[in-house]
Structure formats: C-alpha cells, structure tokens
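Quick notes on the structure that follows.
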Amino acid sequence: MEKFFTVGEAAARAGVTAETLRHYDRIGLVVPSATDPWTKYRRYTEEDIIRVRTVSALRSMGFSLKEIGLLMGTEDIGVLIGGFERALRQADEKIAALEEAKRRIGRVKAHYESKRFELPQGISLRKFPPRAILLSKLPLAPTVETLHDYHRHFYAQLGERRALYSFEDTAGILEEAGKSTMFAVCTRHPADGEVRTLPGGEYLSAGCTEESREKTRTALLARLRARGAGEPPFSLCLIRLTGLLSWEYEWQLPVLMCAQPAGAE
C-alpha cells in the first residue's frame, strides 16, 4: 500500500514550508496525489516529494516558478537545453555582479582599515611616467553610481576586446578645450588599443574635495602663471572613493608641456 504524508510531513521531508506546498498546489506546479474527501486535507506521496525537491533544485539555479512549470511539463530536448542555456547566462551575470560587489567591498574596507591614500598637503610638484587612458564614449559625471560602476562601463564599451584590457582602481576626468571626459587609467592594453597616452613629466598637483574643486584648480593655474608658464593644454582630475558615499579629487596640471620663457623658474 502506498504511503501518504500530510502537508507538514511532506514539507519537512522536502525541506520547504507547508505554505510553499500549498502555493505549489494552487498554481498547479506540484499537485498532491490525494485529497481527503471529508477534510480536504492534502496527502503527498514519495513521488510528490521528489517533485518538490526538483522544484527547489531548479529554483536554486535561478529559474522562476513559471519557467520550472514549463521545464517539468515538457520532454522536448530543445526546450530543456534552451532553458538551461538561459540559466547559465544568468548565472554568469550574477557571478560578474558578485565579483564587482566584492571589488567594491575590498576597496572600501581597505580605505577604512589602512587609509593608505593620503591627499597631497597643499600644492606639490609630482613626476609621472606616460599613462595610457581609455576615454569614455558616453558623457559621464562623477556620481556614486558611475564611480562604483565605472570599470563595468569601460569593459562594456570595449565589447569583445574587454579581455585585452585592465584598469587601475581610480577614475578620472580629462579637462580639455572646455570639454570634460571621464576616463580609466589602463594597466594593460593591446598595441592597437583605443587609448590615449598622457605625456610623462612634472605635474603641478593638489588634493581637494567637491566643495573646493574649482578653487583648487584656480590656485594651480595661478601657480603656473607665477612660474611664467601659459595655460596647460589639458588638466586631469583624478577621483578616489574615500567611503561608501564620498570621494576626493586630485588635480594634476602638466608643467613641462607649458611653454616657459628663457630664465623662467
């Protein structure tokens, strides 16, 4: 004689709640093999419980209940393969999102634990090697969303060539000819990459906050003029996240590219 289980017993054996079993019954996903004609209580067989466990397994793979109903109701191999291919793509997207979240967590954790980055105190003269940058093709402004996701933005811009590039964990804005363009500093790129190389040499530099950003740039320009130099052809504003919702800037204006009269400092 076949053994029957109550809702509570079946739920415990399947590792779900009794309400979950009732919901599956209501939507026709797992219908109990028997119902008591007098009490209307549901009665489940071992086969019903196996079906519930199968639903749970498919749920853990990312399938919706509607998709599970379609998969469990067909023997069409093409439909089944197509469903699992979609699940694989969705799993890849979730993994990428988790890796990005892990990178964000590590960055903020490193800031709060070590505070290794300190803004330059006042104006200083710093020397940089040539740097390769990838300019954004979309107009982006420094916001919490764009700064947290700027790596993803640049990798998406590269499309199929994304595996050939890697970037520093610092965003930046290139100010040139009255135009502002967000960029990422490349640590790796192909020889024929869509990059621009910033010249190496001395840069007048100063750290600032959002509030003092324009005032700091004005002070740097004044210092360049005091040296007898003209307007720089471009300026950089590097951006570093300093916490969950805040960031700081560092202006860098090229010095050696500015023409200086003979005898100037």
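Please treat every number below as a calculation from the coordinates, not as lab data. Not measured: the values here are computed from a predicted model. A quick note on method: Cβ atoms are made from the backbone with ideal geometry, for glycine too, and the neighbour counts reach across all protein chains shown.
Mind running the shape call on region 124-254? Use the C-alpha gyration tensor, a ≥ b ≥ c as the square roots of the eigenvalues: rounded below 1.5 for a/c, prolate if a/b tops b/c, oblate otherwise.
Cα axes put region 124-254 in the oblate bin.
Please give the net charge around Tyr249, taking every other residue with its beta carbon less than 13 angstrom from that of Tyr249, where Lys and Arg add +1 and Asp and Glu add -1.
The answer is -2.
Apply the Karplus curve 6.51 cos²θ - 1.76 cosθ + 1.60, θ = phi - 60°, to the phi angles in region 49-63 and return the couplings in whole Hz, x for Gly and Pro.
Along region 49-63, the couplings run 5, 4, 5, 5, 4, 5, 4, 4, 5, 5, 4, 5, 7, x, 6 Hz.
Which FRET efficiency value, to the nearest 0.05, is calculated for Thr209 and Lys102 with the Förster distance at 25 angstrom and r the Cβ-Cβ distance?
Here the calculated transfer efficiency is 0.35.
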